[in-house]
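Peer 1: Sharing a structure below in structure tokens format, with a few things to ask.
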Amino acid sequence: MLRSPRAALGCGLALELLAFTAFAAVGDSGASVPLALAGLALAAAGFLLTITNLARSQLPTGLVLLFALVLRAPLFPVEPSLSDDVWRYLHDGRAQLAGVSPFESPPSDPSTIPFRGPEFDRINHPELVTIYPPFAQLTFAASAVLGSTLAGWKLILLAFEAALIVLLGHALRQRGRPPTLAAVYAWNPLAVAEVAAGAHLEPVAIATLLAALVLAGSGRPLFAGVALGLSVATKYFALPLAPFLDRARVGRTAVGCGAAVLLVSSPYLLAGPDVFGSLFVFTRSWSSNAGIFAVLAALTGGTAARILVGLGLLGLLAHAWVRGSTAHDTAFAFVFATLLLSPVVHPWYLLWLVALLPLTSAPAPVRAAALLWSLTVPSAYIAVSAYRATGEWSVPLGARLVQYLPVLLLLAVAALNHRTGARHTATRSAGQAE
């Protein structure tokens, strides 16, 4: 038995490092999905050992970041094989360097022939223009300047992820919490695999959102709005959070956010194409690994289910505003609810939830549900094997039950605890009145 918290933490990190080294050794994870998932499960066991000893270890953010980089090192040379999004990133960067707007010309357009790279044949839906917003496009252009290589793009991501971890530590200090808790994101197997191996864009959008939270907490709403605008212009996810950053100075936040979005969008607006690209194609018709949404769609139909989800999320934001919830708690609740209700839940989407988890004041069962989901969501990659064989991406019901059932049970426990607590409070108040 390991009595020293730091010894247990070290063993957990060593187990994670071993798991990621084995994951990297698999090579093409898409051809060996069970082995890849076994490696991630081993990493999850090591991660759970570390986080149960975090509070007593009191590591500074610098060490949290150092260990995060060590965990990612074996995966840096790995080529993504469980997802193919990165090839679109590289193509969009090449297009901009050649003077072609990715919002105007899809990869399959003959005008892209002169600058197509080796990744062209691996781009998904090449007949559609890009879905990625303007600030994301600027980061893709930066990777093109670095040579349009996977390694160059990963370096950009690691820089944003390092900033994310540092900002998370700062946000934790603002909340009066130990910065060591940044390890909840930094060492989470999902974050390690989806960025260092999968090369997903999320750290750019999440780092800028955390910058907005930190700046708002420092009493700088205008700059907080600018940071939020960069997050929105990377992925639109964070836009509804704008009013919550600084309730007393919403106008300044809105000005900063709007100015940032317009500034980074201007090169693409001047070119004339629709800067929303294929977003509405995605939101209207795509569905993958859905949980609650799948049930709603079966009962009411896809369009009605999307309307119900939208109304439900608006209701959640209105409730948070009336209650006076903090920006951190609202962001966590909004992201969690959106993912639970979304028609599309890819594993890397949960990186948002993991990054906000250490900052929330949500009840323990809710936090446990979020953490558990981050460890079970890779089961969605079971769909990769069928996709390679048939071209159809479909997550089996069993994999979705593994993800959603424990989460919903924990949320039910939280709701029951809240109801019981409210009843006891009401009973005490009635007794005191008598």
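Peer 1: Name the residue, out of Phe237, Phe280, that is within 20 Å of Leu317 (Cα to Cα), under 23 Å from the mean Cα position of the chain (by Cα) and modelled with pLDDT under 95. Talk me through it step by step, then tell me what you get.
Peer 2: Numbers: Phe280 fails: within 20 Å of Leu317 (Cα to Cα).
Answer to the selection: Phe237.
Peer 1: Does any residue of the range 173-194 turn out to be under 20 Å from Trp153 (Cα atoms), touching a residue at least 12 places away in the same chain (Cβ under 8 Å), of a type in the set (S, T, N, Q) and crowded, with 23+ Cβ neighbours inside 10 Å?
Peer 2: No, there is no match, as no residue in the range 173-194 is under 20 Å from Trp153 (Cα atoms), touching a residue at least 12 places away in the same chain (Cβ under 8 Å), of a type in the set (S, T, N, Q) and crowded, with 23+ Cβ neighbours inside 10 Å.
Peer 1: Anything in the range 298-307 that is open to solvent by 50 Å² or more (accessible area, probe 1.4 Å) and farther than 20 Å from Gln403 by Cα? List them, or say none.
Peer 2: Listed by number, the residues that qualify are Leu299, Thr300, Thr303, Arg306, Ile307.
Peer 1: Output the residue which, of all residues in the range 189-206 that are under 12 Å from the mean Cα position of the chain (by Cα) and outside any helix (DSSP H, G or I), is nearest to Pro378 (Cα to Cα).
Peer 2: His200
Peer 1: All but one of (1) aliphatic (A, V, I, L, M); (2) in contact with a Ser or Thr (Cβ under 8 Å, 6 or more places away or on another chain); (3) crowded, with 21+ Cβ neighbours inside 10 Å; (4) under 16 Å from Asn289 (Cβ atoms) hold for Val344; which doesn't?
Peer 2: Exception for Val344: condition (3).
Peer 1: Specify which of the listed residues (Leu239, Leu209, Leu215) is open to solvent by less than 10 Å² (accessible area, probe 1.4 Å), in a helix (DSSP H, G or I) and more than 20 Å from Leu66 (Cα to Cα). First the steps, then the outcome.
Peer 2: On the way: Leu239 fails: open to solvent by less than 10 Å² (accessible area, probe 1.4 Å); Leu215 fails: open to solvent by less than 10 Å² (accessible area, probe 1.4 Å).
Exactly one of Leu239, Leu209, Leu215 is open to solvent by less than 10 Å² (accessible area, probe 1.4 Å), in a helix (DSSP H, G or I) and more than 20 Å from Leu66 (Cα to Cα), namely Leu209.
Peer 1: Among the listed residues Val295, Val264, which satisfies the condition of being aliphatic (A, V, I, L, M), at pLDDT 90 or above, farther than 17 Å from Pro240 by Cα and surrounded by fewer than 18 Cβ atoms within 10 Å (Cβ to Cβ)? Walk me through it before giving the result.
Peer 2: On the way: Val264 fails: surrounded by fewer than 18 Cβ atoms within 10 Å (Cβ to Cβ).
Val295 is the lone residue from the list that is aliphatic (A, V, I, L, M), at pLDDT 90 or above, farther than 17 Å from Pro240 by Cα and surrounded by fewer than 18 Cβ atoms within 10 Å (Cβ to Cβ).
Peer 1: Within the range 114-131, identify whether any single residue is open to solvent by 10 Å² or more (accessible area, probe 1.4 Å), aromatic (Phe, Trp, Tyr) and within 29 Å of Val354 (Cα to Cα), and answer yes or no.
Peer 2: The answer is no, given that none of the residues of the range 114-131 is open to solvent by 10 Å² or more (accessible area, probe 1.4 Å), aromatic (Phe, Trp, Tyr) and within 29 Å of Val354 (Cα to Cα).
Peer 1: Of everything in the range 218-236 that's open to solvent by 10 Å² or more (accessible area, probe 1.4 Å) and outside any helix (DSSP H, G or I), which residue is nearest to Val255 (Cα to Cα)?
Peer 2: Arg220
Peer 1: Turning to a different aspect of this structure: What is the residue count in the range 283-292 for residues that are loosely packed, with under 15 Cβ neighbours inside 10 Å and either at pLDDT 90 or above or part of a loop (DSSP other than H, G, I, E, B) (or both)?
Peer 2: Result for the range 283-292: 1.
Peer 1: Arg367 fails exactly one of the following numbered conditions: (1) over 19 Å from Ala331 (Cβ atoms); (2) part of a helix (DSSP H, G or I). What is the number of that condition?
Peer 2: Only one criterion is unmet by Arg367, namely (1).
Peer 1: Here's another thing I want to ask about it. Could you list, ordered by first residue, the pairs with Cβ atoms under 7 Å in which the first is in the range 319-337 and closer than 22 Å to Leu350 by Cα and the second is open to solvent by 20 Å² or more (accessible area, probe 1.4 Å) and of a type in the set (D, E, K, R), at least 6 apart or interchain?
Peer 2: Going by the 7 Å Cβ cut-off, the qualifying pairs are His328/Arg175.
Peer 1: Moving to a separate point now. Cβ contacts < 8 Å: first residue closer than 19 Å to Glu104 by Cα, restricted to the range 258-269; second residue aromatic (Phe, Trp, Tyr), any location; separation 6+ or different chain. Result?
Peer 2: Val264/Phe135; Tyr268/Phe103
The values are calculated or read from the model by the stated rules, or taken from the named source; none is laboratory data. Model, not experiment: these values are computed from the prediction. Every residue, glycine among them, receives a Cβ derived from its backbone with ideal geometry; neighbour counts consider all protein chains shown. Side chains are part of the model used for accessible areas, which takes the heavy atoms of the whole protein and leaves out ligands, DNA and RNA. Shrake-Rupley method; radii C 1.70, N 1.55, O 1.52, S 1.80 Å.
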